[in-house]
Amino acid sequence: MKELYVIATSNPGKVREFANLLDSNFYETKSLSDIDFHEKIEETGSSFEENAAIKANAICNFLEKKGIVATVIADDSGLEVEALNGAPGIYSARYAGDQASDQENYELLLSRLKGNLDREARFVCVLCIQKTKEAPRFFEGECKGDIIETPKGSEGFGYDPVFIPKGYDRTFAEMTLAEKKALSHRGQAIKKMIEALKLSPN
Ligand code: ITT
């Protein structure tokens, strides 16, 4: 029987980046809607790691109650901007308010950086992988870059239109999914997880 993996995110942008993660000959992969999980998980932690663990744990408990044995992969991520002392950080998804859109979030960021010549930033992603009843494991990835002044591109999600990775001249929102994955914080964390756990990627 194939091992079941649940990708514990309700962010459609992340879902796209996790799609086809594992070899379907060996694993069955499900999303939160596939397992009928529609609740909001409160992210009350004070680090990416804590929040990733909270999400993985919530889904593990949900699966356990249903008697389903699975491995859960949760992602907590965000953008740390040097000139803003690491903000928005763990608050990236709700920088401009609880219901804020991606555009409202990056516009607030651009307004806070207006006139500032220091544009250095990094994306961080912490994955928490947890099998029902087992201890969680964590994998972290980062991607350094700069915040531009005017948004560019329509791919990706979140702060992608304002972030150019170091050594490149296009934003993440101007890259294909494959190009972004090769460079991104999420791509790096996924690579570490696959290597450490000897998983078979797609
Ligand atoms: P889940 O908790 O359901 O996974 P979320 O969007 O609330 O979804 P986070 O709490 O981890 O997830 O917040 C991550 C935010 O950081 C995300 O909403 C974006 O604003 C930003 N972010 C993370 N990774 C990004 C990426 O690859 N490109 C652009 N923005 C990103």
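The table for this structure:
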{"quantity": "Unmet requirement for PRO12, which otherwise passes all of (1) within 14 Å of the ligand (Cβ to nearest atom); (2) buried (at least 17 other Cβ atoms within 10 Å of the Cβ)", "calculated": "(2)"}
{"quantity": "Matching residues, region 114-134, being among the hydrophobic types (A, V, I, L, M, F, W, C) and either within 16 Å of the ligand (Cβ to nearest atom) or at pLDDT below 95 (or both)", "calculated": "ALA121, PHE123, VAL124, CYS125, VAL126, LEU127, CYS128, ILE129"}
{"quantity": "Output for region 158-202, where each listed residue is surrounded by fewer than 22 Cβ atoms within 10 Å (Cβ to Cβ), among the hydrophobic types (A, V, I, L, M, F, W, C) and within 22 Å of LEU22 (Cα to Cα)", "calculated": "LEU177, ALA178, ALA182, LEU183, MET193, ILE194, ALA196, LEU197, LEU199"}
{"quantity": "Extreme residue, farthest from ILE41 (Cα to Cα), among residues of region 74-101 that are within 12 Å of the ligand (Cβ to nearest atom) and part of a helix (DSSP H, G or I)", "calculated": "GLY89"}
{"quantity": "Selected residue [at pLDDT 95 or above, in a loop (DSSP other than H, G, I, E, B), loosely packed, with under 13 Cβ neighbours inside 10 Å and polar (S, T, N, Q)] from SER46, SER24", "calculated": "SER46"}
{"quantity": "Selected residue [within 26 Å of PHE139 (Cβ to Cβ) and crowded, with 18+ Cβ neighbours inside 10 Å] from ASN105, ASN85", "calculated": "ASN105"}
{"quantity": "Pairs where the first residue, in region 72-85, is touching a residue at least 60 places away in the same chain (Cβ under 8 Å) and the second is polar (S, T, N, Q) and near the ligand (Cβ under 10 Å from one of its atoms), C-beta under 6 Å, 6+ apart", "calculated": "ASP75/THR9; LEU79/SER92"}
{"quantity": "All positions within region 1-46 that are at positive phi and among the acidic types (Asp, Glu)", "calculated": "ASP36"}
{"quantity": "Pairs where the first residue, in region 102-119, is without any contact (Cβ under 8 Å) to a residue 60 or more places away in the chain and the second is within 11 Å of the ligand (Cβ to nearest atom) and in a helix (DSSP H, G or I), C-beta under 6 Å, 6+ apart", "calculated": "TYR106/VAL162"}
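The values are calculated or read from the model by the stated rules, or taken from the named source; none is laboratory data. Remember, it's a predicted structure, so these values are computed and weren't measured experimentally. Because the Cβ atoms are built from the backbone with ideal geometry, glycine has one as well, and the counts that use them run over all protein chains shown.
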